[in-house]
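Contents: one structure, followed by commentary.
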Amino acid sequence: MKTLPNIMRGISVSLCCGLMFLLSGCSRSTETPEVKLERARILMQRGRPAEAVPLLSEVGAADQENDEVYYQRGVAHEQLDLLDKALEDYSLCLKYAPDRRDSLNNKAVVLAKMEKFEEAANEFKKLVERNPEDPLAYRNRALCFADLKRFDEALADYAKAIELA
C-alpha cells in the first residue's frame, strides 16, 4: 500500500517532468506556420522586430508564396533599418499579391528612404493609379518630386492632396 508521502512524491515528479517539458521549448517545435506567423505579429506589436524576423523566415521557408510573411518581414527589416532587405521583402510580397497597396506603399517609402526618388515616385504613381482618391499617395509622390527638383509636378500633387484631404 502506498503511503501519502510516496503518492505526493509521485505527483511532484510528474508535475516537475511536465513543467520541464513545457519550459524546454519542446511544445513549440510542433507549432504550425500559422501559429509562428501570429507569434511574429505579436512580437512586432511589442516592438521586437529582431525576434520576429527568424520566425517569419521559418514560415516563409515552409510556405514560400505567403505574401503576408514577406510583408511582415519587410516591416520588421524596415524597423531594423535594413532597407535593402525590406525592399526585397516588399517586392516578394508584391510578386505573390500584386494588389497589396500596403506593401506597394511601404516599398515606395523604403525607396525614398534610400534616396531612390525616381523609383519611389514611380511606385507612388502606381498607388495614385489604383486609388486616385488617396491624398497620401499624392503627398508622398510630391515629396519625391520635390527631392528630384521637379517642382511643378510636386506643386500639382500637393494641390491634389490638399483638395482630396
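For region 107-165, the fraction of C-alpha pairs more than 16 angstrom apart is 34%.
Counting charges near residue 104 (Lys, Arg +1; Asp, Glu -1) among other residues having Cβ under 9 Å from its Cβ returns a value of +2. Past the 25 Å Cα-Cα mark, which pairs from 85/160; 95/160; 36/116; 95/116? Over 25 Å apart, Cα to Cα: 85/160; 95/160; 36/116. When all protein chains stay in place and ligands, DNA and RNA are ignored, the 1.4 Å accessible-area order of 71, 90, 96, largest first, is 96, 71, 90. The distance between label points at residue 102 and residue 83 comes to 2.3 nm (points 7 Å beyond Cα on the Cα→Cβ vector). Gyration tensor analysis over the Cα atoms of region 28-165 returns equivalent ellipsoid semi-axes of 32, 14, 12 Å (largest first, whole Å).
The values are calculated or read from the model by the stated rules, or taken from the named source; none is laboratory data. Treat the numbers as computed from the prediction; the structure is a model and nothing was measured. Every residue, glycine among them, receives a Cβ derived from its backbone with ideal geometry; neighbour counts consider all protein chains shown. The protein model used for the area step is the full one, side chains on, heavy atoms only, and it has no ligands, DNA or RNA in it. Shrake-Rupley method; radii C 1.70, N 1.55, O 1.52, S 1.80 Å.
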